[in-house]
Amino acid sequence: MLGPDGGTPEIAIIGGGIGGLAAAAFLRRAGLRGTVYEQAPELREVGAGLVVAPNAARLLRRLGVLGPLLERAVRLEVGWEFRRWRDGRVLSAEDLATACERLYGEHTYTVHRADLLEALGRAVPPGAVRLGAQCVALDVRGERVALRFADGAVAEADVVVGADGVHSVVRAAVAGPRDIADSGLCAFRALVPGERAPSFARRRAQTLWIGPGHHLVHYPISGGRFVNLVAFAPAGGDSVESWTAGATVEEFLAEFDGWDPRLVGLIRAARAPGRWALLDRAPLPAWSRGPVTLLGDAAHPMFPFFAQGAAQAVEDAAVLARCLAEDAADPSRALRRYEALRLPRTTRLQEVSHARSEVNHLPDGPDQRARDASFTATDPLVDNGWIYEYDPESPDHQGVTP
């Protein structure tokens, strides 16, 4: 039986981050209602910046979210700008100002995570988000699922979507315990106020400085009010997997000692950096069980080296809503179709993102020189077209998952 009226399914979304709110917004557009259960007392997105590539931008535009977001977003003019660690020499750069829209029908933007979360929140029905609701267990009872919360409350649903991140409670219930490996890497993140950032970092550019065992990415966000930094380095023994773990500017600087003085100056201008471990999770062979499924990082956590984590959550949300709308009478079958459409693509992205860490972190030597020379012969905007041209709402992609 579907819901109290036997009609549309009752859908519970665990997690009120970007993936969870995107799911609720796309379900609303499809004529379905999802209730978001978020453990925090308020909707807020920790972290800092992210890239909204064309594959995500076109979906956000259709959802009516991109317009408001552009009030604070930065439209990139240059991307994939690789620079050598010691002297900042540009190895390659992509003209995004014209090529991106010509190739993929959308531009590439950078945004603050909080701005994207706020824009998605506007597309969710009033009253659809329940705050302070920490799901601690779920129990599949035939065609219904019982949810238990930390405060003792209980709820039931026909469909449960786990959008509760890398430490997902729902993932554990669907996939069971899974081995987690230490990647040997940690990530630093920080914001630099625009007025303190050097001019090269304020450009509408996504720049990647690559060197032995390390790389650093920076780009402006929030209309240029901040420059977002995210850097990768060998993990120390005290790194933890958390968006809120702190570090000091001195620790951040120590990892990039000897790098181009301009980059060192940019790091020195950072405020309150964070540091977290990158844990290695193999792709799941399946992420649905009956009326329960996963979405975003709960389903396919990936290294951030292709800047596709949030974009893939948005794609998941669009496909999930379409599958449930087209097969509302049999949610379990709809979820199997959703998984079949999404799993090959997200697995491929997990794998290529994982491999990129080795490419970016080569020590100086013959392999590094060959890599640097290859940058002039490749066009990452074209070579990665399988990422950016993908449209889950296009008939061409509804039965194929590149």
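The values are calculated or read from the model by the stated rules, or taken from the named source; none is laboratory data. What you see is a predicted model, and the numbers here were worked out from it, not measured in a lab. Cβ placement follows ideal geometry from the backbone for every residue including glycine, while neighbour counts extend to all protein chains displayed.
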All helices (runs of 4 or more DSSP H) inside the stretch 24-142 with 1 or more residues being among the charged types (D, E, K, R): 54-63, 96-104, 113-122
Flag for D316 being among the acidic types (D, E) and either part of a loop (DSSP other than H, G, I, E, B) or on the phi > 0 side of the Ramachandran plot (or both): no
Single unsatisfied condition, Y388 versus (1) surrounded by fewer than 19 Cβ atoms within 10 Å (Cβ to Cβ); (2) closer than 30 Å to F232 by Cβ: (1)
Complete set of residues in the stretch 291-313 that are part of a helix (DSSP H, G or I) and over 30 Å from E81 (Cα atoms): A298
Every residue from the stretch 185-214 that is in a strand (DSSP E or B) and more than 19 Å from the chain's Cα centre (by Cα): V192, P193, A205, W209, I210, G211, H214
Top-ranked residue in the stretch 143-153 [being outside any strand (DSSP E or B) and in contact (Cβ under 8 Å) with a residue 40 or more places away in the chain; ranked as surrounded by the fewest Cβ atoms within 10 Å (Cβ to Cβ)]: A150
Residue tally, condition surrounded by 24 or more Cβ atoms within 10 Å (Cβ to Cβ) and either modelled with pLDDT under 95 or not aromatic (F, W, Y) (or both), over the stretch 24-50: 8
Test: residue in the stretch 154-162 that is free of Cβ contacts under 8 Å to residues at least 60 places away in the same chain and in the same structural domain as F305 (by TED's automatic domain parsing): yes
